[in-house]
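Quick notes on the structure that follows.
The values are calculated or read from the model by the stated rules, or taken from the named source; none is laboratory data. What you see is a predicted model; the values in this text were computed from it and never measured. Here the Cβ is made from the backbone with ideal geometry for all residues, glycine too, and neighbour counts use every protein chain on show.
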(Lines give C-alpha, C1' and ligand atoms only; values in the text may rest on other atoms or scores of the structure.)
Protein backbone atom coordinates (compact mmCIF):
# COMPACT_ATOMS: atom_id res chain seq x y z
CA UNK A 1 0.00 0.00 0.00
CA UNK A 2 1.32 3.41 -0.98
CA UNK A 3 -0.10 6.92 -0.85
CA UNK A 4 -1.76 7.69 -4.16
CA UNK A 5 -0.71 10.36 -6.59
CA UNK A 6 -3.10 12.94 -8.03
CA UNK A 7 -5.78 13.45 -5.44
CA UNK A 8 -7.15 16.28 -3.33
CA UNK A 9 -8.00 16.28 0.36
CA UNK A 10 -11.45 17.66 1.07
CA UNK A 11 -13.42 18.48 4.20
CA UNK A 12 -14.50 15.79 6.65
CA UNK A 13 -11.72 13.41 5.56
CA UNK A 14 -13.18 13.15 2.04
CA UNK A 15 -10.91 12.94 -1.00
CA UNK A 16 -11.22 13.39 -4.74
CA UNK A 17 -9.11 11.23 -7.02
CA UNK A 18 -7.67 12.98 -10.08
CA UNK A 19 -6.08 9.96 -11.73
CA UNK A 20 -8.75 9.29 -14.33
CA UNK A 21 -11.77 11.01 -15.80
CA UNK A 22 -14.17 9.58 -13.23
CA UNK A 23 -12.71 12.03 -10.68
CA UNK A 24 -14.17 9.89 -7.91
CA UNK A 25 -15.30 11.57 -4.70
CA UNK A 26 -14.20 9.05 -2.08
CA UNK A 27 -15.44 9.20 1.48
CA UNK A 28 -13.43 7.99 4.45
CA UNK A 29 -12.97 4.18 4.33
CA UNK A 30 -14.48 3.97 0.82
CA UNK A 31 -12.97 2.83 -2.48
CA UNK A 32 -12.92 4.52 -5.88
CA UNK A 33 -14.59 2.97 -8.93
CA UNK A 34 -11.42 1.01 -9.64
CA UNK A 35 -11.68 -0.73 -6.22
CA UNK A 36 -7.93 -0.34 -5.66
CA UNK A 37 -7.74 3.22 -4.29
CA UNK A 38 -8.93 3.67 -0.71
CA UNK A 39 -9.49 6.69 1.47
CA UNK A 40 -8.08 6.02 4.95
CA UNK A 41 -8.64 8.93 7.33
CA UNK A 42 -8.48 11.48 4.55
CA UNK A 43 -5.42 10.04 2.80
CA UNK A 44 -5.88 8.20 -0.49
CA UNK A 45 -3.87 5.00 -0.90
CA UNK A 46 -3.05 2.75 -3.86
CA UNK A 47 -3.84 -0.78 -2.66
CA UNK A 48 -2.19 -2.54 -5.59
CA UNK A 49 1.26 -0.92 -5.52
CA UNK A 50 3.84 -3.56 -6.43
CA UNK A 51 1.19 -6.30 -6.46
CA UNK A 52 1.48 -7.95 -9.85
CA UNK A 53 -1.38 -10.21 -10.90
CA UNK A 54 0.04 -11.14 -14.33
CA UNK A 55 3.47 -11.13 -15.98
CA UNK A 56 4.35 -12.55 -19.38
CA UNK A 57 6.76 -12.14 -22.26
CA UNK A 58 4.66 -11.30 -25.31
CA UNK A 59 5.33 -10.65 -28.97
CA UNK A 60 4.90 -6.94 -29.60
CA UNK A 61 2.25 -7.76 -32.19
CA UNK A 62 0.03 -9.23 -29.43
CA UNK A 63 -0.48 -5.83 -27.77
CA UNK A 64 -1.29 -5.19 -30.65
CA UNK A 65 1.45 -2.87 -31.89
CA UNK A 66 2.48 -3.49 -35.49
CA UNK A 67 4.51 -0.36 -36.17
CA UNK A 68 6.59 -0.13 -33.00
CA UNK A 69 9.63 -2.37 -32.41
CA UNK A 70 8.14 -5.04 -34.70
CA UNK A 71 9.43 -8.55 -34.22
CA UNK A 72 10.54 -7.93 -30.65
CA UNK A 73 9.21 -9.24 -27.35
CA UNK A 74 7.90 -7.05 -24.55
CA UNK A 75 7.87 -7.80 -20.83
CA UNK A 76 4.23 -7.37 -19.83
CA UNK A 77 2.79 -6.77 -16.37
CA UNK A 78 -0.56 -5.97 -14.77
CA UNK A 79 -1.99 -5.19 -11.36
CA UNK A 80 -5.56 -6.04 -10.38
CA UNK A 81 -8.43 -3.65 -10.97
CA UNK A 82 -9.96 -1.43 -13.64
CA UNK A 83 -11.80 1.89 -13.91
CA UNK A 84 -14.17 0.51 -16.58
CA UNK A 85 -16.97 -2.04 -16.15
CA UNK A 86 -16.95 -3.47 -19.65
CA UNK A 87 -19.62 -6.13 -19.92
CA UNK A 88 -17.50 -7.97 -22.47
CA UNK A 89 -14.20 -7.89 -20.56
CA UNK A 90 -11.97 -10.81 -21.48
CA UNK A 91 -9.76 -10.30 -18.42
CA UNK A 92 -12.61 -9.91 -15.93
CA UNK A 93 -11.03 -12.36 -13.50
CA UNK A 94 -8.24 -9.87 -12.79
CA UNK A 95 -9.88 -6.54 -13.68
CA UNK A 96 -13.37 -6.80 -12.17
CA UNK A 97 -12.27 -7.57 -8.64
CA UNK A 98 -15.04 -6.22 -6.42
CA UNK A 99 -16.08 -9.72 -5.41
CA UNK A 100 -12.51 -11.00 -5.16
CA UNK A 101 -10.78 -8.80 -2.58
CA UNK A 102 -7.92 -11.28 -2.19
CA UNK A 103 -6.49 -9.93 -5.43
CA UNK A 104 -5.50 -6.76 -3.60
CA UNK A 105 -4.81 -8.50 -0.31
CA UNK A 106 -1.61 -10.33 -1.04
CA UNK A 107 -2.35 -13.50 -3.06
CA UNK A 108 -0.29 -12.14 -5.90
CA UNK A 109 3.35 -11.49 -6.80
CA UNK A 110 5.07 -8.79 -4.79
CA UNK A 111 7.44 -6.88 -7.08
CA UNK A 112 9.62 -3.79 -7.00
CA UNK A 113 10.40 -1.58 -9.97
CA UNK A 114 13.94 -3.01 -9.82
CA UNK A 115 12.50 -6.54 -10.16
CA UNK A 116 10.45 -5.59 -13.20
CA UNK A 117 13.29 -3.85 -15.04
CA UNK A 118 15.70 -6.67 -14.19
CA UNK A 119 13.29 -9.29 -15.56
CA UNK A 120 12.82 -7.35 -18.79
CA UNK A 121 16.57 -7.01 -19.24
CA UNK A 122 17.29 -10.64 -18.32
CA UNK A 123 14.84 -11.83 -20.95
CA UNK A 124 16.22 -9.52 -23.65
CA UNK A 125 13.01 -7.49 -23.89
CA UNK A 126 13.69 -3.97 -25.15
CA UNK A 127 10.40 -2.73 -23.67
CA UNK A 128 7.98 -3.08 -20.78
CA UNK A 129 4.22 -3.11 -21.41
CA UNK A 130 1.67 -2.13 -18.80
CA UNK A 131 -1.31 -4.11 -19.99
CA UNK A 132 -3.99 -6.81 -19.44
CA UNK A 133 -5.90 -4.64 -16.94
CA UNK A 134 -5.85 -0.82 -17.06
CA UNK A 135 -2.42 0.71 -16.35
CA UNK A 136 -4.01 3.94 -15.11
CA UNK A 137 -5.22 2.19 -11.96
CA UNK A 138 -1.69 1.10 -11.06
CA UNK A 139 -0.10 4.32 -12.27
CA UNK A 140 1.98 4.78 -9.11
CA UNK A 141 3.80 1.49 -9.65
CA UNK A 142 3.86 1.83 -13.43
CA UNK A 143 5.48 5.24 -13.11
CA UNK A 144 8.19 3.91 -10.79
CA UNK A 145 8.93 1.16 -13.32
CA UNK A 146 8.82 3.57 -16.26
CA UNK A 147 11.34 5.95 -14.72
CA UNK A 148 13.78 3.14 -13.97
CA UNK A 149 13.20 1.53 -17.37
CA UNK A 150 14.03 4.80 -19.10
CA UNK A 151 17.30 5.05 -17.15
CA UNK A 152 18.16 1.54 -18.31
CA UNK A 153 17.40 2.17 -21.99
CA UNK A 154 14.10 0.32 -22.09
CA UNK A 155 10.93 1.57 -23.79
CA UNK A 156 7.56 1.92 -22.02
CA UNK A 157 4.20 0.97 -23.53
CA UNK A 158 0.65 1.39 -22.22
CA UNK A 159 -2.22 -0.73 -23.50
CA UNK A 160 -5.09 1.32 -22.19
CA UNK A 161 -8.74 2.30 -22.35
CA UNK A 162 -7.56 5.91 -22.68
CA UNK A 163 -9.54 7.26 -19.72
CA UNK A 164 -6.67 8.78 -17.74
CA UNK A 165 -6.91 12.40 -16.63
CA UNK A 166 -4.85 15.13 -18.27
CA UNK A 167 -2.88 15.38 -15.02
CA UNK A 168 -2.02 11.70 -15.31
CA UNK A 169 -1.01 12.11 -18.96
CA UNK A 170 1.29 14.99 -18.09
CA UNK A 171 3.06 12.87 -15.48
CA UNK A 172 3.54 9.74 -17.59
CA UNK A 173 4.21 11.39 -20.97
CA UNK A 174 7.95 12.01 -20.41
CA UNK A 175 8.44 8.26 -19.94
CA UNK A 176 5.83 6.88 -22.34
CA UNK A 177 7.09 5.75 -25.74
CA UNK A 178 4.08 4.03 -27.28
CA UNK A 179 0.50 3.07 -26.63
CA UNK A 180 -2.39 1.10 -28.00
CA UNK A 181 -5.68 2.71 -26.98
CA UNK A 182 -9.08 1.06 -27.23
CA UNK A 183 -11.69 3.13 -29.02
CA UNK A 184 -14.52 0.82 -28.07
CA UNK A 185 -17.51 2.70 -29.49
CA UNK A 186 -18.34 6.02 -31.08
CA UNK A 187 -21.56 6.56 -29.17
CA UNK A 188 -21.86 8.07 -25.70
CA UNK A 189 -24.75 5.77 -24.86
CA UNK A 190 -22.69 2.66 -25.60
CA UNK A 191 -19.71 3.84 -23.55
CA UNK A 192 -22.04 4.57 -20.65
CA UNK A 193 -24.12 1.40 -20.80
CA UNK A 194 -21.41 -1.10 -21.72
CA UNK A 195 -18.32 0.39 -20.04
CA UNK A 196 -19.63 2.75 -17.37
CA UNK A 197 -17.65 5.62 -18.88
CA UNK A 198 -17.82 8.48 -21.40
CA UNK A 199 -16.60 8.77 -24.97
CA UNK A 200 -15.26 12.32 -25.10
CA UNK A 201 -12.35 11.91 -22.66
CA UNK A 202 -11.08 8.99 -24.74
CA UNK A 203 -11.22 11.01 -27.95
CA UNK A 204 -9.51 13.98 -26.29
CA UNK A 205 -6.74 11.77 -24.92
CA UNK A 206 -6.11 10.14 -28.30
CA UNK A 207 -5.63 13.58 -29.83
CA UNK A 208 -3.39 14.63 -26.90
CA UNK A 209 -1.13 11.60 -27.24
CA UNK A 210 -0.81 11.99 -30.99
CA UNK A 211 0.04 15.68 -30.68
CA UNK A 212 2.92 14.81 -28.36
CA UNK A 213 4.34 12.38 -30.91
CA UNK A 214 3.94 9.33 -28.68
CA UNK A 215 3.59 6.34 -30.99
CA UNK A 216 -0.11 5.52 -31.14
CA UNK A 217 -2.18 2.65 -32.46
CA UNK A 218 -5.93 2.22 -31.98
CA UNK A 219 -8.00 -0.92 -31.44
CA UNK A 220 -11.74 -1.47 -31.87
CA UNK A 221 -13.38 -4.75 -30.94
CA UNK A 222 -16.25 -5.33 -33.37
CA UNK A 223 -19.24 -6.46 -31.28
CA UNK A 224 -22.35 -7.67 -33.15
CA UNK A 225 -25.36 -5.35 -32.75
CA UNK A 226 -23.41 -2.91 -30.55
CA UNK A 227 -20.84 -1.20 -32.81
CA UNK A 228 -20.86 -3.10 -36.10
CA UNK A 229 -22.99 -0.73 -38.13
CA UNK A 230 -21.41 0.82 -41.18
CA UNK A 231 -22.22 4.28 -39.79
CA UNK A 232 -20.46 3.78 -36.46
CA UNK A 233 -17.42 2.09 -38.00
CA UNK A 234 -17.19 4.92 -40.55
CA UNK A 235 -17.37 7.47 -37.76
CA UNK A 236 -14.46 5.80 -35.96
CA UNK A 237 -12.41 5.52 -39.15
CA UNK A 238 -13.06 9.16 -40.07
CA UNK A 239 -12.11 10.33 -36.58
CA UNK A 240 -8.79 8.48 -36.80
CA UNK A 241 -8.12 9.86 -40.27
CA UNK A 242 -9.07 13.45 -39.48
CA UNK A 243 -7.74 13.80 -35.93
CA UNK A 244 -4.92 11.26 -35.65
CA UNK A 245 -3.70 10.97 -39.23
CA UNK A 246 -3.86 8.47 -42.06
CA UNK A 247 -0.64 6.84 -40.82
CA UNK A 248 -2.20 5.82 -37.48
CA UNK A 249 -2.78 2.03 -37.46
CA UNK A 250 -6.32 0.84 -36.69
CA UNK A 251 -6.80 -2.71 -35.42
CA UNK A 252 -10.29 -4.15 -35.91
CA UNK A 253 -10.82 -7.38 -34.00
CA UNK A 254 -13.46 -10.05 -33.64
CA UNK A 255 -15.45 -10.32 -30.41
CA UNK A 256 -15.98 -13.63 -28.64
CA UNK A 257 -18.65 -14.05 -25.93
CA UNK A 258 -17.19 -13.26 -22.51
CA UNK A 259 -18.06 -12.15 -18.99
CA UNK A 260 -21.54 -10.55 -19.10
CA UNK A 261 -22.01 -10.54 -22.88
CA UNK A 262 -22.21 -14.28 -23.41
CA UNK A 263 -25.62 -13.82 -25.02
CA UNK A 264 -24.11 -12.28 -28.15
CA UNK A 265 -22.59 -14.33 -30.97
CA UNK A 266 -18.95 -14.18 -31.94
CA UNK A 267 -18.18 -11.68 -34.68
CA UNK A 268 -18.30 -13.18 -38.14
CA UNK A 269 -15.03 -12.77 -40.08
CA UNK A 270 -16.84 -10.96 -42.89
CA UNK A 271 -17.87 -8.18 -40.44
CA UNK A 272 -14.25 -7.67 -39.44
CA UNK A 273 -13.22 -7.57 -43.07
CA UNK A 274 -16.02 -5.07 -43.71
CA UNK A 275 -14.60 -2.85 -40.98
CA UNK A 276 -11.17 -3.09 -42.59
CA UNK A 277 -12.58 -1.96 -45.93
CA UNK A 278 -14.40 0.93 -44.23
CA UNK A 279 -11.12 2.07 -42.69
CA UNK A 280 -9.31 1.84 -45.99
CA UNK A 281 -12.11 3.75 -47.75
CA UNK A 282 -11.81 6.50 -45.13
CA UNK A 283 -8.17 6.93 -46.14
CA UNK A 284 -6.35 5.01 -43.41
CA UNK A 285 -3.09 3.51 -44.61
CA UNK A 286 -2.93 0.66 -42.11
CA UNK A 287 -6.02 -1.28 -41.03
CA UNK A 288 -5.35 -4.69 -39.48
CA UNK A 289 -7.78 -7.48 -38.68
CA UNK A 290 -7.49 -9.53 -35.51
CA UNK A 291 -8.98 -12.62 -33.81
CA UNK A 292 -10.03 -14.19 -37.11
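Taking only region 7-22 into account, find how many residues are loosely packed, with under 15 Cβ neighbours inside 10 Å and either in contact with a helix residue (DSSP H, G or I) (Cβ under 7 Å, 6 or more places away or on another chain) or closer than 23 Å to residue 198 by Cα (or both).
Looking only at that region, the number is 1.
If a residue has to be surrounded by fewer than 20 Cβ atoms within 10 Å (Cβ to Cβ), modelled with pLDDT under 95 and outside any loop (DSSP other than H, G, I, E, B) to count, how many in region 56-98 make the cut?
The qualifying residues number 3.
Collect the residues in region 244-272 that are loosely packed, with under 14 Cβ neighbours inside 10 Å and more than 19 Å from residue 86 (Cβ to Cβ), keeping them in residue-number order.
Across region 244-272, the qualifying residues are 245, 246, 247, 269, 270.
Among the residues in region 120-128, are any within 19 Å of the chain's Cα centre (by Cα), outside the structural domain of residue 290 (by TED's automatic domain parsing), in a strand (DSSP E or B) and surrounded by 18 or more Cβ atoms within 10 Å (Cβ to Cβ)?
Yes.
Does region 229-243 hold any residues that are more than 21 Å from the chain's Cα centre (by Cα) and surrounded by 16 or more Cβ atoms within 10 Å (Cβ to Cβ), and which are they?
Scanning region 229-243 gives 232, 234, 235, 238, 241.
Looking for whichever is at pLDDT 95 or above, farther than 19 Å from residue 156 by Cβ and touching a helix residue (DSSP H, G or I) at 6+ places or on another chain (Cβ under 6 Å) here; the options are 32, 42, 50. Which one fits?
Residue meeting the stated conditions: 42.
Checking residue 146 against (1) crowded, with 22+ Cβ neighbours inside 10 Å; (2) in a loop (DSSP other than H, G, I, E, B), only one condition comes out false. Which one?
Exception for residue 146: condition (2).
Would you mind telling me which numbered condition in (1) surrounded by fewer than 16 Cβ atoms within 10 Å (Cβ to Cβ); (2) at positive phi residue 162 fails?
Here residue 162 meets the rest and fails (1).
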